[in-house]
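Read the structure below first, then the notes.
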Amino acid sequence: MKDALAGEDAKYSIERDDGNVRDDLGRSYLDPFPEWPEGERQAIVHAKGSVLDIGCGAGRVMLYLREQGYATVGVDISPGAVEVCKNQGLVDTHVMSAENLKFKPNTFHTYCYLAAISES
């Protein structure tokens, strides 16, 4: 993500706990809204109120929502991802596991997880 923010084509590979492996270029973490997958563009329109972006990566969802006037908070388990977010001006971003969120109940109206939207 840091390389992508610097304009470089950095290849990456992510392996999930279930064994699924995804290879891509880091710049996809920074794609502007028109380049998002169709399902993500359709889902994000359901955001409302304050938004918690869980697994925020480089912050593309928060950047888009901020442009739309939403208050956003991001969490990611990766310190590097949080650093990239903060370098883009997303200061309310925290290194935190989704399994151990440290927010008061009812703090957020919308929860994003990899751009999948769910309302509370």
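To the nearest µm²/s, what D does Stokes-Einstein give for the range 18-95 at 4 °C and 1.567 mPa s, using the Kirkwood radius over alpha carbon pairs as Rh?
Working: Rh = 13.0 Å.
The diffusion coefficient I find is 99 µm²/s.
In this rough spin-label picture, where each label sits 7 Å from Cα along the Cβ direction, the Tyr113-Ser13 distance is 2.6 nm.
Taking a quarter of the surface of the Cα convex hull of the range 56-103, what do you get in nm²?
Working: hull surface 12.1 nm².
For the range 56-103, the mean projected area of the Cα convex hull comes to 3.0 nm².
Here the sum of -39500 (n - 2.57) over DSSP H runs of 4 or more residues, divided by the residues of the chain, equals -6000 deg cm²/dmol at 222 nm, to the nearest 500.
Of the GluC sites (Glu not before Pro) found in the range 1-67, those that fall in a DSSP loop while having at most 11 other beta-carbon atoms within 10 Å are Glu8.
Just so you know, all these numbers are worked out from the coordinates, no wet-lab data involved. Just so it is clear, the model here is predicted, and its values are computed rather than measured. Positions of Cβ are backbone-derived with ideal geometry, glycine not excepted, and every protein chain shown enters the neighbour counts.
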